[in-house]
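S.K.: Would you mind keeping the following structure in view while I ask a few things?
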Amino acid sequence: LKDKYVGQIAGAADEAALEAVRLAALGKKGEISLMMRSLGGMSPEERQSFGPALNALKTELSDAIAARRDALAEAALEKRLAREWVDVTQPPRPQPEGTIHPISQVMEEVIAIFADLGYAVAEGPQIETDWYNFDALNIPAEHPSRTEMDTFYMHRDPGDNRPPHVLRTHTSPVQIRYMEQHGVPCRIIAPGRVYRADYDQTHTPMFHQYEGLCIDRDVSMANLKWTLEEFCRAFFEVDGVELRFRASHFPFTEPSAEVDIRCSWEGGQLKIGEGDDWLEILGSGMVHPKVLAAAGVDPDKWQGFAFGMGIDRIAMLKYGIPDLRAFFDSDLRWLRHYGFRT
Ligand code: PHE
């Protein structure tokens, strides 16, 4: 009996065959198990001699099966290792790789430049209450700029008494939110998405702005001018940038200025810093006392400037991108052409 099973165990070619042998010998209805059960019907003397022998046989076969199982597993692994191997000297296959979108790239550049000037980055929600988007910025309900901005209003069911919400039309509400939360003095830029119902070659219903805000004891318009010039020099990488401050009007700044940058269009090629053309790049001014007060800041003690610049606009200027709408078309050929490699 022993020789029979030891022979079968040694001859089992794989785990399944080995398991079949185990069942035949030691399974519930296996030969040896049945013999163990028949011990009950034997005389005490017979049991004395058969019992220990059977037990020893059972142990021996179990051990042999376990050993064989290990050997089979080992052999299988060896076989796999011989078959599956990687030639590390092979050159890798080219992987398609994404690019950084020009808007993301420009946001990072702007943040890095202002970080050097001591500005932190702040953010606010894109779905904004009309209080933060308008009222706190000194734009009362009947003010024409509420309609001029082509605001997207969030739908409200009758009886909904939450405050009215809009898709923010500019990043200026972040001024209020930041000063409310962190107080003054402060120096921040707030990049993000803004929304206006407008669509043509130079307008998309969603676009990007960043807001700048600098509040301290005696910040002046001169500091604003220096800051913007410093930024443009670094961003456009030209020493001779020239900015033109044009008197303008925003409800949330007084005085207000729109700022143009000197440029030339030669043969459709835009050059920053030379020529006789001017291109508007941002709105700015000294933060209105009412805006400071709305954010809980004492306008008798604090003052400062704010500005809002179109990120998409300056990205077009810096990288010579002719149509704003292409930014959001997700055309892979466009993205490969204008995108940045990491
Ligand atoms: N919020 C203004 C706009 O979107 C820009 C601006 C920001 C002007 C801050 C002055 C100060 O047009």
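S.K.: Go through ALA141, ALA120, ALA136, ALA112 for me and flag whichever is among the small types (Gly, Ala, Ser), in contact (Cβ under 8 Å) with a residue 60 or more places away in the chain and more than 16 Å from the ligand (Cβ to nearest atom).
M.R.: From the options ALA141, ALA120, ALA136, ALA112, the qualifying one is ALA120.
S.K.: Also, I was wondering about something else. If I ask for residues that are open to solvent by less than 80 Å² (accessible area, probe 1.4 Å) and either assigned to a loop (DSSP other than H, G, I, E, B) or more than 16 Å from the ligand (Cβ to nearest atom) (or both), which ones from region 155-169 would you list?
M.R.: GLY159, ASP160, PRO163, PRO164, HIS165, ARG168, THR169
S.K.: From the list ALA222, ALA234, exactly one residue is over 14 Å from GLY310 (Cβ atoms), touching a helix residue (DSSP H, G or I) at 6+ places or on another chain (Cβ under 8 Å) and either of a type in the set (Phe, Trp, Tyr) or part of a helix (DSSP H, G or I) (or both). Which is it?
M.R.: Going through ALA222, ALA234 in turn, just one is over 14 Å from GLY310 (Cβ atoms), touching a helix residue (DSSP H, G or I) at 6+ places or on another chain (Cβ under 8 Å) and either of a type in the set (Phe, Trp, Tyr) or part of a helix (DSSP H, G or I) (or both): ALA234.
S.K.: Test GLU109 against the criterion of being among the acidic types (Asp, Glu), out of contact with any His (no Cβ under 7 Å at 6 or more places or on another chain) and open to solvent by less than 60 Å² (accessible area, probe 1.4 Å), and give yes or no. Working first, answer last.
M.R.: Values: among the acidic types (Asp, Glu): yes; out of contact with any His (no Cβ under 7 Å at 6 or more places or on another chain): yes; open to solvent by less than 60 Å² (accessible area, probe 1.4 Å): yes.
Answer is yes for this residue.
S.K.: Restricting to region 265-288, what's the tally of residues that are open to solvent by 70 Å² or more (accessible area, probe 1.4 Å) and either hydrophobic (A, V, I, L, M, F, W, C) or on the phi < 0 side of the Ramachandran plot (or both)?
M.R.: Counting residues in region 265-288 that are open to solvent by 70 Å² or more (accessible area, probe 1.4 Å) and either hydrophobic (A, V, I, L, M, F, W, C) or on the phi < 0 side of the Ramachandran plot (or both) gives 8.
S.K.: Also, quick follow-up: Among the residues of region 286-300, write down those that are within 14 Å of the ligand (Cβ to nearest atom) and charged (D, E, K, R).
M.R.: Hit for region 286-300 is LYS290, nothing else.
S.K.: Further question: Within region 11-117, considering only helices (runs of 4 or more DSSP H) that don't extend past its boundaries, which have at least 1 residues that are at pLDDT 90 or above and closer than 30 Å to PHE231 by Cα?
M.R.: Passing ranges, in order: 102-116.
S.K.: Follow-up. Which one is most open to solvent (accessible area, probe 1.4 Å) among residues in region 178-205 that are within 14 Å of the ligand (Cβ to nearest atom) and in a helix (DSSP H, G or I)?
M.R.: For region 178-205, the residue satisfying everything is TYR178.
The values are calculated or read from the model by the stated rules, or taken from the named source; none is laboratory data. All values reported here derive from a predicted model rather than from experimental measurement. Here the Cβ is made from the backbone with ideal geometry for all residues, glycine too, and neighbour counts use every protein chain on show. Each accessible area value is taken on the protein alone, full model and side chains, heavy atoms only, with ligands, DNA and RNA left out. Shrake-Rupley method; radii C 1.70, N 1.55, O 1.52, S 1.80 Å.
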